[in-house]
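Chemist: Got a structure for you, questions after.
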Amino acid sequence: MSLATDDTTDPDLLLEVRDLQIELMTTNGIVRAVDGVSFHIARGETVTIIGESGSGKSTTAMGVLQLLPADLAVVSGHVRITGLDVLASASAVRKVRGRAVALIPQDPMTALSPVRSIGSQLGEAIRIAGAASGRAAVTARAVRLLEQVHIPDPAAQLKKFPHQLSGGMLQRVLIAIALACEPQLIVADEPTSALDVTVQAGILDLLLELQEQRGIGLLMITHDLGVARLVSDRIHVMKAGVFVESGAVRQIVEHPAEPYTQGLLAAVPTLGAWDETPSTPATTSTDRPEATRV
Ligand SMILES: Nc1ncnc2c1ncn2[C@@H]1O[C@H](COP(=O)(O)OP(=O)(O)OP(=O)(O)O)[C@@H](O)[C@H]1O
Ligand SMILES: [Mg+2]
């Protein structure tokens, strides 16, 4: 696999980012929020960008998905999603966003409308994805999606409004909405940072399970090296818009070269033993431990 060519034909390569540069027009002038970032994600892989607040993680994710306002951000470099050059034109990114690639946003309470039922919002995602049409078919698909994210009594939950569900259940709804389009690649921007640790472990476990079942590629954004350690194949450590260190999860966690990474490691309260014999051989990763099942 060569990343040096523009004409990749590797069908397993879901995301290729090369020399990504993002300038933001702020009231204090131009900020180079992302400065020459390169990475790739193949089918079934989880790649994590980790770094302190303001290091440019979300800007990278939003830039890759072309979700930054055009009048505020200048994005350059090379970004291919499932082989399609998404920086080339607005129509190119519309072909893949909400189809081949889906975003799991950080905060369920702001991502979901408080005045519309779960069923209405999930149904809209299903219709947009073209996965089903007609009321009965859409409801059946919504129930199946909620089952897949392990929400109990899905038919009853569809009638509820966001404030009637817990944070963990809402995060599962957001994952179900992301799954509605049967994406090949999921971008998850701090998907568990608003949740307490046991709920967080359940959500991470769910993402890994879905990945193993479907071979989804996952771009995970987090500031938590404990989370990164559980889910990642590769980790890129970001600081002030650049990757200061990149490598396989074990390399970064066990032999961090940069003092900055060592500092992030020191912030993880306890690290349990590595699981040396993963019980899920279907995963493409042989390096990462399993998330705790709760
Ligand atoms: N709308 C904006 N206006 C001005 N500056 C911004 C804006 N959005 C981001 N920035 C700047 O871009 C840089 C990167 O921000 P970004 O949100 O990508 O960081 P992050 O790593 O996702 O942080 P966090 O962990 O807090 O989510 C920061 O210096 C931030 O101040
Ligand atoms: Mg962010």
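Chemist: For segment 40-53, indicate whether the set of residues that are among the basic types (K, R) and not in a loop (DSSP other than H, G, I, E, B) is non-empty.
Modeler: no
Chemist: While we're on this one: Give the residues of segment 168-211 that are within 16 Å of ligand 1 (Cβ to nearest atom) and touching a residue at least 60 places away in the same chain (Cβ under 8 Å), sorted by residue number.
Modeler: V187, A188, D189, E190, P191, S193, A194 - these are the residues of segment 168-211 that are within 16 Å of ligand 1 (Cβ to nearest atom) and touching a residue at least 60 places away in the same chain (Cβ under 8 Å).
Chemist: Run Q211 past the list (1) under 16 Å from R234 (Cα atoms); (2) within 10 Å of the chain's Cα centre (by Cα) and report the number of the one that doesn't hold.
Modeler: It is condition (2) that Q211 fails.
Chemist: Then there's this: Pairs needed: first member in segment 50-77, under 24 Å from V268 (Cα atoms) and not assigned by TED's automatic domain parsing to the domain that holds S91; second member anywhere, more than 9 Å from ligand 2 (Cβ to nearest atom) and of a type in the set (D, E); C-beta distance under 7 Å; at least 6 residues apart or different chains.
Modeler: none
Chemist: Got at least one residue in segment 257-266 being buried (at least 21 other Cβ atoms within 10 Å of the Cβ), among the hydroxyl-bearing types (S, T, Y) and in a helix (DSSP H, G or I)?
Modeler: The answer is yes, given that some residue of segment 257-266 is buried (at least 21 other Cβ atoms within 10 Å of the Cβ), among the hydroxyl-bearing types (S, T, Y) and in a helix (DSSP H, G or I).
Chemist: If we keep just the residues of segment 92-147 that are assigned to a loop (DSSP other than H, G, I, E, B) and within 16 Å of ligand 1 (Cβ to nearest atom), which is surrounded by the fewest Cβ atoms within 10 Å (Cβ to Cβ)?
Modeler: Step by step, filter segment 92-147, then rank; the result is D107.
Chemist: Okay, next question. Can you pull out the residues in segment 24-34 that are over 20 Å from R234 (Cα atoms) and not basic (K, R)?
Modeler: Matches in segment 24-34: L24, M25, T26, T27, N28, G29, I30, V31, A33.
The values are calculated or read from the model by the stated rules, or taken from the named source; none is laboratory data. All of these numbers come straight from a predicted model, not from anything done at the bench. Here the Cβ is made from the backbone with ideal geometry for all residues, glycine too, and neighbour counts use every protein chain on show.
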